[in-house]
Structures are given as structure tokens and as C-alpha cells.
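To start, the structure under review is shown below, and the notes come after it.
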Amino acid sequence: LAYYFEQIAVHKHLNAFNEVFFDSATQQATLVQQKLANGTAGKLAGMVIGIKDNICYAGHEVTASSKMLEGFISPYSSTVVERLLQEDAIIIGRLNCDEFAMGGSNETSYFGAVKNAADEARVAGGSSGGSAVAVQADMCLATLGTDTGGSVRQPAAFCGNIGFKPTYGRISRYGVIAYASSFDQVGTLTSSVSDVALLLEVLAGADEEDSTVATLAVPQYSQHLTLLAPKKIAVLRETIDNEALDPEIKQAILASLEQFKSLGHEIEYVSFNLLDYLVPTYYILTTAEASSNLSRFDGVHYGHRNTDAESLNSLYKLSRAEGFGEEVKRRIMLGTFVLSAGYYDAYYQKAQQVRRLIREKIEELLKTYDFLLSPVTPTPAFKMGEHSQDPLVMYMADIYTVLASLAGIPAVALPLGNNQAGLPLSVQLMTKHFNEQELLSLSHSFL
Ligand code: GLN
């Protein structure tokens, strides 16, 4: 723990942590040490873990990196935090992220951007940018993030770690600040696949507090990371044969295909012709859900409150105007628009239908193939400020990650080493609902 505290101090300028839990982490470490000594320690004994600052931990501040929640102390713990602590993990602090997890560069945080440790002039990715850099710069062993449309996988790709998003419904979201509820999942950022497996077997599984969690039994993932019999991997052709794809990413992915073949797996290219619909469908649905989820931040129940308001309406208006940042406001307005009478059919309902088509197409492919493969991102980490004035360019960069989110399937971003400039490269694997075990086994044999 002392080592990690020191690493955090050394890398303070990267801005990965919103807060370090010196006291509670130290207390927990002492407790775990006693348990280790008398042989009662849990599965995660001594694992030092950081949590994204949208995951509640009783008695600790949680802000979603927003002015709206600055100073808010959570009265209860999320299920994921409960389960980590039950197995004797040590929670070292809360990590910077895009405001309310809306963004792909960590630049929308009220507490400032997170710097990529591979090149400090570049973004960490987002929205779980702090979670990625904390692992990249060895400020803790592993972190939790949330992934609505790529927020675990994309920053992991930009920082060279393993970013894992489970099936929708595998892990409880109780106590996780909602962005878009039909997409949000808790995921992990680690430097080894065995850590993913261990964390997942602790975190996954039914929860009385969250009815969207599947009641399926949870395998002991970490005990079964064995080599797989030959599998069929489908490369989504249009994602690779794509002019917008960075040539070094493409090259690294082509090399990874050879590696999968040498492990005995079969590679086939398949066409996926719905690529153009992914980003628009994702942003219509997520902004709609966000506008509804964020209505609770009204300056009365929660969050920042304007002190000069003279009527209830102006209290709402002023508190929200002051508390939310620009990107969050943009999304609330967009979401309110697509849900409004007269536009609902043309946007929200249409997007729901397209989501269904996308999901069906993916399920169809996953009847023939065991895995789908694509890039995680079209480019390596970009420069700070490069896209921050252009939301559409930023949204388009989510094209490869939102697919698994729309379909609700598990996906992992795996590191492929660095490019010439020293920036991490990556590849993404996806598989059918609740097939995490094979996804992790394949990843394990590959890395
Ligand atoms: N970049 C995507 C967005 O802004 C993904 C965010 C996320 O997964 N939380 O919506």
C-alpha cells in the first residue's frame, strides 16, 4: 500500500485520482493483514483497487467528476464495492472521469483532464480515463470503470491495459451513478487477464438491489483460464478495411490475426454492413436515457444548489445551469429533444428499432462464429484539445466500442504493444451473451 501511495504522489500531475482514501485504505490494510495472519482472508486479500468516481462507497465523497455533486458523501455502498470489501480488497481512492461518464477523452471532467502516461500531451481516453492511467502508471493493481459505450475499453486501449466489459446484466449497477441504464455496465481495467477473471467472479451475479442482474450461476472464471479448443473468429471486415483506421493499428491487428491462427483458431472475414448506424443509434438512445436519469439532480434532492433563487422553478434552472458542464447540458438537451412529442417516433422509436436490428445481426453472426474481432479505436490516443471543440468527431470515434454496448454482449480490449511513437495499440474481441469464460480464456492464451 505504501508503494502505491508513493506512486500516486510521484504521478500526481497526471490527475488520475480525484481523491486518495488514505485513512480507510490504511485501516482496511491493517484488517486484511490480521485476517491473513489468522487464515481468514478473502479471495482478493491485499489487492489494491481504485474505483471510478461514479461508484458509491459509504462515507466517501462521490462526484461523477461534476460540480453538481462536489462535496456529496455517499450514504451507502454500491454492490460492487461491498463485494470487493467482503473479499478483502483494499480500495485506494476514487478516479477521475468524464463528467457523469459522458465523453471519450476525460476532458469533460470538472476536475480537469487526465494525462496519458505514455505521452502527457495526449488524452487518457474516457470516460474512465483516471481508471486507465492509474493502472498504466502502477498507482494501484486494478481499477473499476463503467462502460456505457466504450468507457472502459477505449481508455484501456489508449493506455495499454486490458479493458473488460461484461454482458449487460452480469454485474450489479446498484450504487453506480446512472448515465444510460440500458447500456451501463461496470468493467475492469487491469494488466493481466487472471486479475479480470478473479474480479469478475467476485463482482458478478444476482443482486437483490438490482433486478437487471441475471440470476445465472457465476463460474469460477479464474480456475478455468485454460487453452481453448480451436474456435472460429470472425473479423468484421468493414472495421478493418476502413480508410479511417490508423495504419499502425491495422498492421498490429493483422499481426494479431496470425497469432490467433498459430494458436489453432480459424479466422474468417465477415461483412458487417450496419456500421454507419452504430454511432447515431447509440447517441439517440443514450442521450434520451441520460436526460431522464439526470433529472434527479435538481438542487433539491441532490447536488449543487443555487442560493439566490426566488422561486422553485428558478432554483431548478439556476442549480442545473451552474452544476452541469457543457457536454452534459448538450446531452440533456439532445435527449429531451429526441423524446419530445412530435420527434419521439422519428428519433427515439426509430433508434430502438435499429438497435434491435443490430442486436439480431450480431446474434446471427455469433451463431456461426465464437468471437467477433474489430479495432477498439480508429486511432491511438489523440492530443489534448484536438477534438474537444468538435463533439461530432469525438462521437464518431466511438464507432467500434458502441457495437458491443448496443448488443449487450461482453467485450475486451487487449493491448498489442506500442506504435513507433510509443503509443499503445489494441484489438477488441467480443462474444455471445454470458460467454465471459471463453472470452477470458482466449485473451489469456493470446497475451
Ligand atoms: N464515449 C462514449 C460516450 O460519451 C462512451 C461513454 C461511456 O461509456 N460512459 O457516450
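Data overview
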{"item": "Per-residue ³J(HN,Hα) for segment 235-252, Karplus 6.51 cos²θ - 1.76 cosθ + 1.60, θ = phi - 60°, Hz, x for Gly and Pro", "result": "8, 6, 3, 5, 7, 9, 7, 9, 4, 6, 7, 3, x, 6, 5, 4, 4, 5"}
{"item": "Candidates D241, D138, D398, ranked by Gaussian network fluctuation over the chain, Cα under 10 Å, top entry", "result": "D241"}
{"item": "Burial order of peptide ranges 195-202, 88-95 (average beta-carbon count within 10 Å, highest first)", "result": "88-95, 195-202"}
{"item": "Relative contact order, percent, the chain [alpha-carbon distance under 8 Å, six or more residues apart]", "result": "18 percent"}
{"item": "Test item: Cα-centred dipole of the chain, Lys/Arg +1 and Asp/Glu -1 on Cβ, debye", "result": "400 debye"}
{"item": "Exceeding the 19 Å Cα-Cα cut-off - candidates K231/K432; K52/K250; K67/K165", "result": "K52/K250; K67/K165"}
{"item": "FRET efficiency, 1/(1 + (r/R0)^6) with R0 60 Å, evaluated for V393 and Q223 via beta carbons", "result": "0.85"}
{"item": "Residue-span extension gain [T30 to T215] - 0.36 nm each, minus C-alpha spacing", "result": "63.2 nm"}
{"item": "Long-range amide H partners of E61 with built H, under 5 Å", "result": "S74"}
{"item": "Segments 380-389, 31-40 sorted - mean Cβ within 10 Å per residue, highest first", "result": "380-389, 31-40"}
{"item": "S340 versus K250: modelled label distance in nm, points set 7 Å from Cα along the beta carbon direction", "result": "4.2 nm"}
{"item": "Base-10 log of normalised Debye intensity for segment 1-137 (one unit scatterer per alpha-carbon) at q = 0.12 Å⁻¹", "result": "-0.46"}
{"item": "More than 33 angstrom apart: percent of Cα pairs within the chain", "result": "30 percent"}
{"item": "Under Karplus coefficients 6.51, -1.76 and 1.60, residue-wise ³J(HN,Hα) of segment 275-290 in Hz, glycine/proline x", "result": "3, 5, 8, 5, 5, x, 5, 4, 6, 5, 6, 6, 5, 4, 5, 5"}
{"item": "5 angstrom amide H check on I90, placed H, neighbours 5+ away", "result": "G46, M47, V48, I49"}
{"item": "Positive dipole terminus of the chain, leading residue within I249, M47, L141 (C-beta point charges)", "result": "I249"}
{"item": "Distant-in-sequence amide H partners of T108 (H built 1.01 Å from N, under 5 Å)", "result": "E99"}
{"item": "Under Karplus coefficients 6.51, -1.76 and 1.60, residue-wise ³J(HN,Hα) of segment 92-98 in Hz, glycine/proline x", "result": "8, x, 10, 10, 4, 7, 5"}
{"item": "Cβ crowding within 10 Å averaged over residues, with 170-179, 146-155, 357-366 ranked highest first", "result": "146-155, 170-179, 357-366"}
{"item": "Projected label distance in nm at H13 and S311, using a 7 Å step from Cα toward the beta-carbon", "result": "5.2 nm"}
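None of the figures in this text is laboratory data; all of them are computed from the coordinates on show. Being a predicted model, the structure only gives us computed values, none of them experimental. Virtual Cβ from ideal backbone geometry, glycine too; neighbours counted across all protein chains shown.
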